[in-house]
Amino acid sequence: MKLWGGRFAAGPSEMFERFSGSLHFDRRLIDADIRGSQAFARALEQVGILTAEERGRIVDAFEAMRQEARALEFFDGATDEDVHTLVIRKLKERTGGLAEKIHTGRSRNEQVSLDVRLWVREECDSIRSLISALMEALVALAERFPDAVIPGYTHLRRAQAVLWPHYLLAYFEMLARDHERFGEARRRANILPLGSGALAGSGFPFDRAAIARDLGFEGVTANSMDVSADRDFALDFLYAATTTMLHLSRLAEDWILYSSEEFGWMELGDGVTSGSSLMPQKKNPDSLELIRGKSGRVAGCFHSLMMTVKGLPLTYNRDMQEDKEPLFDAADQLSGSLQMARAVADSVTLSAAKALRGAEESWVVATDLAEALARSGTPFHQAHQIVGALVLESIRQGKKPADWTAAELAAFNPQFSPDFARLLAPAEGMKSREILGGTGPQSVAQALLRARERLAAMRV
């Protein structure tokens, strides 16, 4: 059945129906569509379009349909234009001519906006739960190796030594921001559009605030034309999804490198890796590579919708039907990637000795030495030059930091007092970094405690 047609002498062509149909993807909105229609039936009773008995029949029919829709066969043989026409057709099968009243004063424009907002609201809740689960896994992985020292990198060159938990907490912070972003996306979607009509507002005196309370919305939209044209809430969701996938991609890239033979201080579990069809020795990080690859796919979904809406005149245009497939695909890929990343984190084994050796064999202690000189009174620019010269001499002689004795340091430059030799061990220099947010052992221990507290607050 169509929700329109009186103005047309003939129906749409078969080609147009195939081209414009959306049931194959918007069917996943059916639960939201039914719940929204139940609330609308209650609103219609309040303005005298439905009697209490009629409202009861419609709401009950919708509820039975909602339960049946959980089975895949519910859609068998459906040739409806979209999920909204399918729902109305099935309502008519249950209630006869009474179903003709359910669309009184309601446009499909606002109905679509309502359905997608309900779906986005619930998807944000689900994704936030997955994000916090991954954050939990990272904290647990940090706690498994609380004292491990690893090289920190800039430009993919060993830069300064950091604690393993400090490194993982960097991703914890990224994911915490992602968690907040989805909370904001949820807040922006959680505004009731019903009552806006097609673009000019409904001609019936609905109590929009009451409908909002019925459906759990925080408020109502302020402009009916904006509702008909708006997909900002979907873009907010897609931006949050894209940023989260960027963070997952960066984590994946790190761990692909760190688990390679060239780095060799991480190992991924067998359950999240694969082998080669030709090379028996291979253990490939396919799970992480797929996460990295899917980040581009989700970013593409974001840009797809941006390009769809960028030039649309007010208000509604059929182009906006193209919002759902990128929205659904991004949500699916993000949810799968978050679950996969958690499984990878649960599987990781750190070779703390190899990681420490990577730090000890390089000059990650150089800044520690320069800052110690500065604390002893040497201007930092001079301290930087002195330590740089020490590094250059070490390269010429093939010496690692640990190869220098206190006497040799003093002989190289008298500003190196005997106690400077202890700073040649990466773990020692970190003890000077007890500033809030730094990698000092006490600071990191406190950061882990705060991370646990923040996770507990997310679960409330």
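The values are calculated or read from the model by the stated rules, or taken from the named source; none is laboratory data. A quick note: this is a predicted structure, and the numbers were derived from the prediction, not measured. Methodologically, a virtual Cβ is constructed for each residue, glycine included, from the backbone with ideal geometry; neighbour enumeration extends over all protein chains shown. Keep in mind that these areas ignore ligands, DNA and RNA; they rest on the heavy atoms of the full protein, side chains included. Shrake-Rupley method; radii C 1.70, N 1.55, O 1.52, S 1.80 Å.
Residues in region 61-92 that are within 24 Å of SER20 (Cβ to Cβ) and of a type in the set (Asp, Glu): ASP76, ASP80, GLU81, ASP82.
Take the residues in region 313-334 that are part of a loop (DSSP other than H, G, I, E, B) and not polar (S, T, N, Q); name whichever of them is surrounded by the most Cβ atoms within 10 Å (Cβ to Cβ).
TYR316
Would you mind stating whether TYR258 is within 16 Å of ARG188 (Cα to Cα) and either open to solvent by 20 Å² or more (accessible area, probe 1.4 Å) or without any contact (Cβ under 8 Å) to a residue 40 or more places away in the chain (or both)? No, not satisfied.
Here PRO165, PRO146, PRO205 are screened, and the one residue that is buried (at least 23 other Cβ atoms within 10 Å of the Cβ) and on the phi < 0 side of the Ramachandran plot is PRO165. For region 365-407, taking the residues that are out of contact with any Gly (no Cβ under 8 Å at 6 or more places or on another chain) and β-branched (Val, Ile, Thr), the one that is surrounded by the most Cβ atoms within 10 Å (Cβ to Cβ) is identified as VAL387.
Can we say GLU54 is of a type in the set (Asp, Glu), out of contact with any Cys (no Cβ under 7 Å at 6 or more places or on another chain), open to solvent by 30 Å² or more (accessible area, probe 1.4 Å) and farther than 30 Å from ALA200 by Cβ? Answer is no for this residue. Of the residues in region 186-194, not one is among the aliphatic types (A, V, I, L, M), farther than 30 Å from SER37 by Cα and in contact with a Lys or Arg (Cβ under 8 Å, 6 or more places away or on another chain). Taking region 262-282 as the range and being free of Cβ contacts under 8 Å to residues at least 60 places away in the same chain and surrounded by 14 or more Cβ atoms within 10 Å (Cβ to Cβ) as the test, only THR273 passes.
In the condition set (1) exposed (fewer than 15 other Cβ atoms within 10 Å of the Cβ); (2) more than 30 Å from ASP226 (Cα to Cα); (3) in contact (Cβ under 8 Å) with a residue 40 or more places away in the chain; (4) touching a helix residue (DSSP H, G or I) at 6+ places or on another chain (Cβ under 8 Å), THR349 is compliant with all but (4). When region 141-199 is limited to residues that are part of a helix (DSSP H, G or I) and among the hydroxyl-bearing types (Ser, Thr, Tyr), the one that is nearest to ARG231 (Cα to Cα) turns out to be TYR171.
Does ARG213 satisfy the condition of being under 30 Å from the mean Cα position of the chain (by Cα), closer than 25 Å to LEU455 by Cβ and either free of Cβ contacts under 8 Å to residues at least 40 places away in the same chain or open to solvent by 70 Å² or more (accessible area, probe 1.4 Å) (or both)? Taking the combined requirement at face value, the residue does not satisfy it. Here ARG55 meets the list (1) farther than 17 Å from LEU215 by Cα; (2) without any contact (Cβ under 8 Å) to a residue 40 or more places away in the chain almost entirely, failing just condition (1). Looking only at region 283-312, filter to residues that are part of a helix (DSSP H, G or I) and open to solvent by 80 Å² or more (accessible area, probe 1.4 Å); which one of those is farthest from ALA343 (Cα to Cα)? Of everything passing the filter in region 283-312, MET307 is farthest from ALA343 (Cα to Cα).
Only one of GLU93, GLU63 is over 37 Å from the mean Cα position of the chain (by Cα), of a type outside the set (Val, Ile, Thr) and open to solvent by 20 Å² or more (accessible area, probe 1.4 Å). Can you tell me which?
On the way: GLU63 fails: over 37 Å from the mean Cα position of the chain (by Cα).
The match here is GLU93.
Residues in region 409-460 that are among the β-branched types (Val, Ile, Thr) and either open to solvent by less than 80 Å² (accessible area, probe 1.4 Å) or in contact (Cβ under 8 Å) with a residue 60 or more places away in the chain (or both) were compared, and the one that is nearest to ALA355 (Cα to Cα) is THR439. Quick check on region 100-115. Is at least one of its residues open to solvent by 50 Å² or more (accessible area, probe 1.4 Å), of a type in the set (Lys, Arg) and modelled with pLDDT under 95? Taking every residue of region 100-115 in turn, at least one turns out to be open to solvent by 50 Å² or more (accessible area, probe 1.4 Å), of a type in the set (Lys, Arg) and modelled with pLDDT under 95. Among the conditions (1) in contact (Cβ under 8 Å) with a residue 40 or more places away in the chain; (2) open to solvent by 20 Å² or more (accessible area, probe 1.4 Å); (3) among the small types (Gly, Ala, Ser); (4) under 21 Å from ALA148 (Cα atoms), the only one that ALA229 does not satisfy is (4). Residue pairs whose Cβ atoms lie under 7 Å apart, separated by 6 or more positions or on different chains, with the first residue in region 36-47 and more than 11 Å from LYS101 (Cβ to Cβ) and the second open to solvent by 10 Å² or more (accessible area, probe 1.4 Å) and of a type in the set (Lys, Arg), are ARG42/ARG55.
Give me the helices (runs of 4 or more DSSP H) completely within region 374-442, filtered to those with at least 1 residues that are at pLDDT 95 or above and either within 27 Å of HIS166 (Cβ to Cβ) or under 46 Å from the mean Cα position of the chain (by Cα) (or both), ordered by residue number.
Values: elements: 380-397, 406-412, 426-429.
In region 374-442, 380-397, 426-429 are the helices (runs of 4 or more DSSP H) which contain 1 or more residues that are at pLDDT 95 or above and either within 27 Å of HIS166 (Cβ to Cβ) or under 46 Å from the mean Cα position of the chain (by Cα) (or both).
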